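Report on one structure; see the data block that follows.
The values are calculated or read from the model by the stated rules, or taken from the named source; none is laboratory data. All values reported here derive from a predicted model rather than from experimental measurement. Here the Cβ positions follow ideal geometry from the backbone for every residue, glycine too, while neighbour counts run over all protein chains shown. Areas reflect the complete protein model, heavy atoms only, side chains present, ligands, DNA and RNA absent. Shrake-Rupley method; radii C 1.70, N 1.55, O 1.52, S 1.80 Å.
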Amino acid sequence: MLVNMLCISTIIPTAAMAASATSTNTSTDTKSTEAADTKTGAVSNIKAPELQVKSAVLMEASTGKILLSINSDEALPPASMSKMMTEYLVSDYVKQGKLKWDDVVTVSENAAAQIGSRVFLAAGDKHTVLDLYKAMAIGSANDASVALAEQIGGTEKDFVKLMNAKAKEFGMKTAHFANATGLNISDMPEASRPDDGKETIMSAMDTAILARHIVDDHPDFSDVTSIQSFKFRPTDKDPVVNWNWMLESNSSITNFKAYAYPGLDGLKTGHTAAAKQCFTGTAERNGMRLISVVMGAETEAERFKQTKKVLDYGFDNFEVKQIIGAKSAVSGLATIPVVKGAATEVPVVTDAAVNVVVPKGTEPKNVTYTVAQSDEAARTAPIAASKALGTITYTYKNDSIAQDQVTTVNLIAAEPVEKGSWLRLFFRSIGDLFGDLFDSVKNMF
């Protein structure tokens with residue numbers, strides 16, 4: 001529990017940026033994930049591109065700042081972009097040790113019965129988790145996706161429950177998953193169709209939120225998503241080719257080099273008759289990673305052309321600047337009081353870096369912060385190094401960016417504090433008592 005809002009007035013050490021203080025703004029960084037403009041989301045004073053899509057969004061990955069938003073909150077069929085949730089859960093199970101990349105999966109009849117993009121699995125086939133994951137992420141294989149879903153959930157229906165629970169945890173407001181693939185319900189094997197009959201839907205904003213979790217929680221995602229092609233079976237005549245034409249590595253591939261985009265290494269395409277052509281892309285340049293989503297483009301090529309416009313808008317007009325680094329002391333806030341400690345206060349530092357997106361060529365000058373220290377119970381010794389003792393919230397305002405960027409990080413103990421001995425605490429309390437009496441007498445005259 002955080003109490004005791006402190007009013008700080010100081011210079012924030014951010015590459016020689018001056019900042020004033022405030023104690024009125026206690027918002028968290030969730031505000032930075034809202035669109036700047038309800039119609040286009042365009043940042044003020046910077047012209048947004050004209051797009052031929054149903055919806056689109058552009059997000060800076062490290063801050064979650066939305067730089068472009070076009071109809072981004074409308075729930076639409078995402079087609080195979082919904083496989084990103086399947087990818088996330090598989091990667092997460094591996095990360096948690098619940099699954100291994102070299103575990104062998106036995107293909108079920110339900111997985112083998114999938115239509116659309118697939119690697120033609122047969123019931124009883126055995127493949128590793130990694131090979132199935134590659135088939136799903138690179139070739140958008142529906143049969144591989146379901147095989148992985150059943151390996152984790154037991155059944156595809158039970159895996160879908162995990163998908164929807166994770167979407168809720170991520171704050172994806174419109175997302176609903178009907179299956180592990182993004183297929184229309186009518187294209188699923190009848191026995192595995194959802195009981196409620198609700199189709200898979202997801203807004204561009206929710207898709208970007210999901211993509212950001214992949215980028216943040218599984219930063220090795222591009223080890224697979226950037227693969228141009230691979231043979232699923234050594235005996236296969238043709239390789240599985242990545243549906244993502246924009247991979248930077250495609251610059252030397254004749255059929256794709258016109259679409260190759262510098263820095264682009266993921267993430268997922270999607271197409272059904274209902275969804276039309278969709279693409280979630282991510283690219284990194286000069287330390288800034290952008291996530292773009294376009295939905296409802298008319299042709300396969302057009303989804304990549306529209307994505308280029310979105311990403312160019314971001315890279316041409318914005319950059320990321322650091323307000324304060326991780327494990328850094330805050331100017332004007334050297335310590336936080338300690339209760340019943342050998343010391344009466346402890347030096348504190350930030351537990352994470354704070355970044356903001358700024359118009360290219362500018363510095364984040366108008367930065368303020370507020371501090372909320374934890375209650376006495378949390379600040380009572382003994383205190384271990386790195387224990388959270390409060391939070392600091394930074395707010396960045398810029399006339400060229402329509403919405404404030406607000407980020408909250410923990411303030412943690414820079415060193416341990418031992419519990420004070422009873423004798424030390426006794427004499428300290430006597431000293432505090434006489435100090436209070438002296439102040440009372442002084443105030444009488």
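Listed values, structure above:
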| quantity | calculated |
| --- | --- |
| Segment Asp223-Asp404, length gained on full extension (0.36 nm per residue, minus Cα span) | 61.7 nm |
| Paramagnetic reach from Ala258 in region 300-331 [backbone N under 11 Å; point 7 Å along Cα→Cβ] | 301-302 |
| Inter-part distance where region 217-266 and region 360-399 are each reduced to a Cα centre, Å | 41 |
| Cα-Cα over 27 Å, subset of Lys47/Lys198; Lys237/Lys268; Lys65/Lys173; Lys54/Lys308; Lys166/Lys268; Lys95/Lys257 | Lys47/Lys198; Lys95/Lys257 |
| Simple Cβ-charge dipole of region 368-416, Lys/Arg +1 and Asp/Glu -1, about Cα centre, in debye nearest 20 | 80 |
| Segments 91-104, 176-189, 327-340 sorted - mean Cβ within 10 Å per residue, highest first | 176-189, 327-340, 91-104 |
| In Hz, Karplus ³J(HN,Hα) per residue of region 251-259 (6.51, -1.76, 1.60; θ = phi - 60°; x = Gly, Pro) | 4, 9, 9, 3, 6, 10, 4, 5, 9 |
| Within region 170-218: Cβ-based charge dipole about Cα centre, in debye rounded to nearest 20 (Lys, Arg +1; Asp, Glu -1) | 140 |
| Residue-span extension gain [Thr335 to Asp216] - 0.36 nm each, minus C-alpha spacing | 39.8 nm |
| Table column - 3J(HN,Hα) (Hz), region 186-196, Karplus curve with 6.51, -1.76, 1.60, x for Gly and Pro | 5, 9, 8, x, 4, 5, 9, 5, x, 5, 7 |
| Net charge of neighbours whose Cβ lies under 13 Å from the Cβ of Ser226, counting Lys and Arg as +1 and Asp and Glu as -1 | -3 |
| Under 5 Å, built H, 5+ apart or other chain: amide partners of Ile336 | Val346, Val348 |
| Under-5 Å amide H pairs with Ala75, H placed in peptide plane, nonlocal only | none |
| Area of Ile209 that stays accessible when all protein chains are in place (1.4 Å probe, Å², to 10) | 30 |
| Estimated distance in nm for a label pair at Thr235 and Gln322, the labels positioned 7 Å out from Cα along Cα-to-Cβ | 5.4 |
| Estimated dipole of region 226-385 in Debye, rounded to 20 [Cβ of Lys and Arg +1, of Asp and Glu -1, Cα centre] | 300 |
| For region 324-330, 3J(HN,Hα) per residue [Karplus equation, 6.51 cos²θ - 1.76 cosθ + 1.60, θ = phi - 60°, Hz, x = Gly/Pro] | 7, x, 5, 6, 10, 6, 9 |
| Approximate spin-label separation Thr299-Glu415, in nm, with each point projected 7 Å along Cα-to-Cβ | 6.7 |
| Extension reserve of the Ala274-Thr174 stretch, reckoned as 0.36 nm per residue once the Cα distance is removed | 34.3 nm |
| Nonlocal amide H pairs with Arg285, under 5 Å, H built at 1.01 Å | Leu290 |
